[in-house]
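Colleague: Got a structure here, written out as structure tokens. Questions coming.
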Amino acid sequence: MKTGETARPEGAGESGPPLPGGGVISSWDTSVGVDGPGTRFVVFTCGCPLRCLYCQNPETWRIRDGHRVTTDEVMAEVERYRRFITVAGGGVTLSGGEPLSQPRFTAELLRRCHDSGLHTALDTSGFLGDRATDAMLADTDLVLLDIKSSDPVGYRRLTGGELEPTLRFARRLAALGRPAWVRFVLVPGITDDPGNVDGVARFVAGLGNVEHVDVLPFHRMAVEKYRRLGLTFPLGHVSGPGAELLDRVHAQFRAHGVPSL
């Protein structure tokens, strides 16, 4: 992209070359309470098929922009933090980008973390959910699933992709009995329509495996990051939701019997 070009949806994205024994990441970090239970060691993988208008991690979009690591290297770093994350009831979360853009790397990391006794979480849009094997999901203690909209037209406008793959993946997780947290980003004027929120709430209520919905207020904290990358944040003109809107959306989820945070 040229300097100043607005980041817009680009469709299918790229999966990158096979990387046996390793993958491509942007970074790793620690977090508390937002990427799964407890303190988490979070690996930000590279590659994503969507271009969400509110994306906070544009540096992870393309595999070629990351750096290659072996699984052993990542696990060595995880081990350095093991005591820190386990004492706080945490674990390891694979995020991105979209971890399922690199399914073999993601599956191997989840397996090794799970086998070593660490709690594992997969943060995904579900758009590439068909790439997640049952074995991978068996090594995943928790799925953080982004359901960005209940309206197919609105979903495409927001992400550049189709909604159905995410819904299909959500139903599959439910059938497998895999625990999930659903994430819903509340963007005034884009995802806040009462019918859209009700649609997400109805769908989630029918799954049976969702512990709660995280209602995530939209913010513009990534504006400077976009600027450094020579991009224009598409929603730089949009303000975050106020308390009244947040209360209304939480009430809608509760009305459908869905706990929300």
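Here, each number is a calculation from the coordinates, and none is a lab measurement. Small disclaimer: the values here were computed from a predicted structure and weren't measured. Methodologically, a virtual Cβ is constructed for each residue, glycine included, from the backbone with ideal geometry; neighbour enumeration extends over all protein chains shown.
Colleague: Pull out all pairs, ordered by first then second residue, where Cβ-Cβ is under 9 Å, the residues are six or more apart or on different chains, the first lies in segment 117-134 and is touching a residue at least 24 places away in the same chain (Cβ under 8 Å) and surrounded by fewer than 21 Cβ atoms within 10 Å (Cβ to Cβ), and the second is assigned to a strand (DSSP E or B) and of a type in the set (K, R).
Modeller: Here the result reads H119/R40, each pair linking segment 117-134 to a residue that is assigned to a strand (DSSP E or B) and of a type in the set (K, R).
Colleague: Can you tell me how many residues within segment 185-230 are in contact (Cβ under 8 Å) with a residue 40 or more places away in the chain and part of a strand (DSSP E or B)?
Modeller: Adding up the residues that qualify gives 8.
Colleague: Taking segment 43-64 as the region of interest, how many residues are surrounded by fewer than 23 Cβ atoms within 10 Å (Cβ to Cβ), part of a strand (DSSP E or B) and not aromatic (F, W, Y)?
Modeller: 0
Colleague: Can you name the residue in segment 135-169 that is closer than 19 Å to L53 by Cβ and among the acidic types (D, E) and is also surrounded by the fewest Cβ atoms within 10 Å (Cβ to Cβ) among such residues?
Modeller: E162
Colleague: Could you grab me the full set of residues in segment 170-192 that are closer than 19 Å to L261 by Cα and either surrounded by 20 or more Cβ atoms within 10 Å (Cβ to Cβ) or not basic (K, R) (or both)?
Modeller: Within segment 170-192, P179, A180, W181, V182, F184, V185, L186, V187, P188, T191, D192 qualify.
Per-residue answers, yes or no, for (1) touching a Pro at 6+ places or on another chain (Cβ under 7 Å); (2) part of a helix (DSSP H, G or I):
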site: F105; (1), (2): no, yes
site: L110; (1), (2): no, yes
site: L122; (1), (2): yes, no
site: L137; (1), (2): no, yes
site: T140; (1), (2): no, no
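Colleague: Of all residues in segment 63-110, count the ones that are more than 15 Å from R131 (Cβ to Cβ) and over 17 Å from the mean Cα position of the chain (by Cα).
Modeller: So the count comes out to 27.
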